[in-house]
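**Q** Sharing a structure with you now.
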Amino acid sequence: MNTLKKYKYRLNNLDCANCANKIEERLKKENNLSDVVVNFSSLTLSFMSNDDIKIEDISNIVTKIEPEVVVTKIDEEVKENKKNYNLIILIIGVIIALLGLYVNFNNEIINKILIISSYVILLYRTFKVAFKMLIKSHTINENALITISAIGAYFVDKQMEGLMVITLYEIGKILEEKAVNNSRNSIKDLMNIKQDFANKVVGDKTKVINVEDVKINDILIIKKGEKIPVDGIVIEGETKLNLFSLTGESDLVNKKENDEVLSGSINEGKVIKIKATKLFNDSTVSKILSLIEDATDKKSKTETFVAKMAKYYTPIVLIISVITFICFILFTDLTTYESIYRALVFLVISCPCAIAISVPLSYFTGIGVSSKNGILVKGSNYLDLLSRVNKIVFDKTGTLTSGAFKVTSFNLLDSSYSEDYILKLYALGENLSNHPIAKSIMNYVNIDVNEKVKNHKEIEGLGVSYTYDDKKIKIGNNKMFDIKDDGSLNIYLSIDDKIVSSLTINDGIKEGVENTLNELSKKGIETYMFTGDSKENALSISEKLNIDKVYYELLPTEKYEKLEELLNDKDIVAFIGDGINDAPSLKRADIGISMGSIGSSSAIEASDIVIMDDDISKINKAISISNKVKRIIKENLVFSIGVKILILVLSAIGIANMWQAVFADVGVTIISILNTLRIMKK
């Protein structure tokens, strides 16, 4: 039995989103191909098959649908000067057209020859593609519609408008290609994080090798300005690394001996030596590249719906244009020429480029912007879902908290006691407790106590009390001493009911968590906290962070069961964890978001969205990007469909002409693309 293999090819010269949809639909009909995805944004074709598929077989199918498209291996690109060539042809054609239309040569034949010549020059590329498609695949696309409209305009004595149609169409195609390529190039720049070579130490010399040839435990030299080729550990030297491409953070990070370093980060300081700990294919940079490349293959429901709609859109309008022509002939006083002209206007309007391109390009751009901010989204479907999230479940340790309490300051409030004596009292009270706060105090005072105390009691949720040296000692929080909560975690000590000192403790809550949760609350998102921690500690954290609901003392299986209870058809639930212990819940949630540290393979594999560092505020950033993408998609669809319908109606009643029709096609497409590029400003 043959194993299922994944194939991926590059589609060069593919400049139409609707054409990409047609190629995908055709290849899906092949019985030996599965999971077919044509990604217009990245110009790639991917599929799975049990058979050995030859690139020639795929190329034959693709060129029947799009004759200009060249199928190559994923690492090959067809170099061309197509855009400059097309621009030169356009300029020559327009000059000849202007001469034929507006220069009087005192010879009507010369003017006609010039006009016909300009038609041939301007219409050649569009006509060639339309003809090849008609012959090879027996289909009519927008190239055929433009060709029919332009030639039809010539024969109804509207030569100037016919030339205008094809001229503006060609201008639109050139501008569209430029806008789309700018978006693609921004993603390529983002993905330029791979170092193609490595400086391997061999004896007393350095040998330059391919990054794919690096083996574990190889010693590599990283010079200033070079990217780290594979994950490793610093064994010599100290430097500063730029992690912007990995995390979106601009601050340089200090690295010294025994520190881990990640592939893709840039050495901005001195020369260092590292020992490779992973092969290139297992390194952080390889996983990120693979993730970004595959991200736009996973399409949202909106994207899939628009692709299906575009497939039927042009034929429907083509039929309407024929019906319109017949109705004008039968039921109005319009001449045959006037009826044909209005039907031709319908054809120009019918091109679905704006509708077909705006949605995938919006998601593609949104994924790119997210990646630039250190947020890896595994597909446009997840970016789409993120805008509709109304419940977020947080794992506590590793996500909301660091899992470690730490004393940050000691305050002696009564000078009649020495600092050493008071710290000893703290130790006598806390050394018998297993509570994390007690452990942090013991780490701070660093005193071994062998003395026994009397009447030692732990008071749940408050602290401890005991008797020592005939003195009544209490150690506890603000509630024990009826002190107003100021937002800090202070542990007070009293002797015979008089407070004599306090310790300020960092409660482990990560920086930015409170602001992030407040913003989520303002968005109307309900927050939950799942933790295996004790009731006391869980309630303390949730109260401080204003979390809506908290579930404590949960095993990993119980977290999964609680998550199951939240999932339903009405709500979109996201689960945010560290990507190590919460894999089942990350997989089961509508959206799994990993807050694991960069380089964690379990974080990348288990979740749908990966925050590449521990900056929890990026959750709000991701939601904000998702909302902007959704808003721009709606704007583009409403604008493009609305304008087309308006011009269709106006043309039917004789108000709109070819000028408005071209705007409804080319103009709307360009405006939609420019609107989409606003996402990059996020």
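**Q** Counting residues that are in contact with a strand residue (DSSP E or B) (Cβ under 8 Å, 6 or more places away or on another chain) and of a type in the set (S, T, N, Q), which strands (runs of 3 or more DSSP E) fully inside segment 464-577 reach at least 1?
**A** The qualifying strands (runs of 3 or more DSSP E) are 489-495, 498-506, 526-530.
**Q** On to the next question. Does at least one position in segment 107-114 carry a residue that is in contact (Cβ under 8 Å) with a residue 40 or more places away in the chain, touching a helix residue (DSSP H, G or I) at 6+ places or on another chain (Cβ under 7 Å) and polar (S, T, N, Q)?
**A** Scanning segment 107-114, I find no residue that is in contact (Cβ under 8 Å) with a residue 40 or more places away in the chain, touching a helix residue (DSSP H, G or I) at 6+ places or on another chain (Cβ under 7 Å) and polar (S, T, N, Q), so the answer is no.
**Q** Take the conditions under 25 Å from GLU564 (Cβ atoms), in contact with a Ser or Thr (Cβ under 7 Å, 6 or more places away or on another chain) and at pLDDT 85 or above and apply them to ILE525. Does it pass?
**A** Judged against the criteria, ILE525 is not a match.
To keep it simple, each residue is scored yes or no on (1) outside any strand (DSSP E or B); (2) surrounded by fewer than 21 Cβ atoms within 10 Å (Cβ to Cβ).
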residue	(1), (2)
ILE316	yes, yes
LEU334	yes, yes
VAL345	yes, no
ILE357	yes, no
SER370	yes, no
LEU376	no, no
ARG388	yes, yes
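**Q** Of all residues in segment 52-84, which are surrounded by fewer than 14 Cβ atoms within 10 Å (Cβ to Cβ), in a loop (DSSP other than H, G, I, E, B) and modelled with pLDDT of 85 or more?
**A** Those that are surrounded by fewer than 14 Cβ atoms within 10 Å (Cβ to Cβ), in a loop (DSSP other than H, G, I, E, B) and modelled with pLDDT of 85 or more: ASP52, LYS54.
**Q** Answer yes or no as to whether ILE329 is touching a helix residue (DSSP H, G or I) at 6+ places or on another chain (Cβ under 6 Å) and open to solvent by less than 20 Å² (accessible area, probe 1.4 Å). Spell out the reasoning first.
**A** Numbers: touching a helix residue (DSSP H, G or I) at 6+ places or on another chain (Cβ under 6 Å): yes; open to solvent by less than 20 Å² (accessible area, probe 1.4 Å): no.
Taking the combined requirement at face value, the residue does not satisfy it.
**Q** Next question, about the same structure. Any residue that is under 29 Å from the mean Cα position of the chain (by Cα) and either free of Cβ contacts under 8 Å to residues at least 60 places away in the same chain or over 30 Å from SER290 (Cα atoms) (or both) - is there at least one of those in segment 400-419?
**A** Yes, some residue in segment 400-419 is under 29 Å from the mean Cα position of the chain (by Cα) and either free of Cβ contacts under 8 Å to residues at least 60 places away in the same chain or over 30 Å from SER290 (Cα atoms) (or both).
**Q** Mind checking which residues of segment 661-679 are modelled with pLDDT of 80 or more and open to solvent by 10 Å² or more (accessible area, probe 1.4 Å)?
**A** GLY667, ILE670, ILE671, LEU674, ASN675, LEU677, ARG678
**Q** Can you tell me which residue is least open to solvent (accessible area, probe 1.4 Å) among those in segment 24-39 that are within 19 Å of VAL359 (Cα to Cα) and in a helix (DSSP H, G or I)?
**A** Among those that are within 19 Å of VAL359 (Cα to Cα) and in a helix (DSSP H, G or I), it is GLU24.
**Q** Pairs needed: first member in segment 357-371, within 15 Å of ILE611 (Cβ to Cβ) and touching a residue at least 40 places away in the same chain (Cβ under 8 Å); second member anywhere, part of a helix (DSSP H, G or I) and of a type in the set (Gly, Ala, Ser); C-beta distance under 7 Å; at least 6 residues apart or different chains.
**A** The qualifying pairs are ILE367/ALA295; ILE367/SER380; SER370/ALA622.
**Q** Sort out which residues of segment 205-216 are open to solvent by 50 Å² or more (accessible area, probe 1.4 Å) and in a strand (DSSP E or B), and write them in order of number. Write out each step before concluding.
**A** Looking only at segment 205-216, we keep the residues that are open to solvent by 50 Å² or more (accessible area, probe 1.4 Å), and these are 205-208, 210, 212-213, 215-216.
The answer is LYS205, THR206, LYS207, VAL208, ASN210.
**Q** Taking THR206 as meeting all but one of (1) at pLDDT 85 or above; (2) hydroxyl-bearing (Ser, Thr, Tyr); (3) under 32 Å from the mean Cα position of the chain (by Cα), write down the number of the exception.
**A** Condition (3) is where THR206 drops out.
**Q** What residue, of VAL165, VAL120, VAL94, is over 30 Å from THR676 (Cβ atoms) and either open to solvent by 20 Å² or more (accessible area, probe 1.4 Å) or at pLDDT below 85 (or both)?
**A** From the options VAL165, VAL120, VAL94, the qualifying one is VAL120.
**Q** Ok, one more. For the structure I just gave you, tell me whether ILE135 is surrounded by fewer than 16 Cβ atoms within 10 Å (Cβ to Cβ) and more than 14 Å from LEU90 (Cα to Cα).
**A** So ILE135 fits the description; yes.
**Q** Further question: Can you tell me which residues in segment 399-422 are surrounded by fewer than 20 Cβ atoms within 10 Å (Cβ to Cβ) and closer than 16 Å to ILE611 by Cβ?
**A** SER402
**Q** Taking the conditions exactly as written (assigned to a loop (DSSP other than H, G, I, E, B), within 30 Å of GLU68 (Cα to Cα) and modelled with pLDDT under 85), does ASN192 satisfy them or not?
**A** Considered against the rule, which asks whether it is assigned to a loop (DSSP other than H, G, I, E, B), within 30 Å of GLU68 (Cα to Cα) and modelled with pLDDT under 85, ASN192 comes out as yes.
**Q** Right, here's the next one. So which pairs qualify, if the first residue must be in segment 227-240 and over 18 Å from ILE216 (Cβ atoms), the second must be open to solvent by 10 Å² or more (accessible area, probe 1.4 Å) and among the polar types (S, T, N, Q), the Cβ gap must be under 7 Å, and the two must be at least 6 apart or on different chains?
**A** Taking only residues 6 or more apart or on different chains, the pairs are LYS227/GLN195; LYS240/ASN254.
**Q** Look through ASN568, ASN537, ASN490 and report the one residue that is open to solvent by less than 80 Å² (accessible area, probe 1.4 Å), over 25 Å from the mean Cα position of the chain (by Cα), modelled with pLDDT under 85 and not hydrophobic (A, V, I, L, M, F, W, C).
**A** Only one candidate qualifies: ASN537.
Listed here are the residues, each with its yes/no results for (1) under 16 Å from GLU543 (Cα atoms); (2) modelled with pLDDT under 90; (3) exposed (fewer than 12 other Cβ atoms within 10 Å of the Cβ); (4) of a type outside the set (D, E, K, R).
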| site | (1), (2), (3), (4) |
| --- | --- |
| ASN450 | no, yes, yes, yes |
| GLU458 | no, yes, no, no |
| SER465 | no, no, no, yes |
| ILE473 | no, no, no, yes |
| ILE495 | no, no, no, yes |
| ILE505 | no, yes, no, yes |
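**Q** Another question about this same structure. Within segment 586-634, take every residue that is assigned to a loop (DSSP other than H, G, I, E, B) and at pLDDT 85 or above and give me the one that is farthest from the chain's Cα centre (by Cα).
**A** Top of the filtered list is ALA589.
**Q** Where the second residue is open to solvent by 30 Å² or more (accessible area, probe 1.4 Å) and among the polar types (S, T, N, Q) and the first is in contact (Cβ under 8 Å) with a residue 60 or more places away in the chain and lies in segment 30-58, which pairs have Cβ atoms under 9 Å and are six or more apart or on separate chains?
**A** From segment 30-58, the pairs are LEU43/ASN13.
**Q** Give ILE235, ILE219 a once-over and let me know the one that is more than 34 Å from the chain's Cα centre (by Cα) and exposed (fewer than 15 other Cβ atoms within 10 Å of the Cβ).
**A** Of ILE235, ILE219, the one residue that is more than 34 Å from the chain's Cα centre (by Cα) and exposed (fewer than 15 other Cβ atoms within 10 Å of the Cβ) is ILE235.
The values are calculated or read from the model by the stated rules, or taken from the named source; none is laboratory data. The structure presented is a predicted model; accordingly, all values stated were derived computationally and were not measured. Using ideal geometry, Cβ is built from the backbone for each residue, glycine included, and neighbour counts are taken over all protein chains shown. SASA here: full protein model, heavy atoms, side chains in, ligands and nucleic acids out. Shrake-Rupley method; radii C 1.70, N 1.55, O 1.52, S 1.80 Å.
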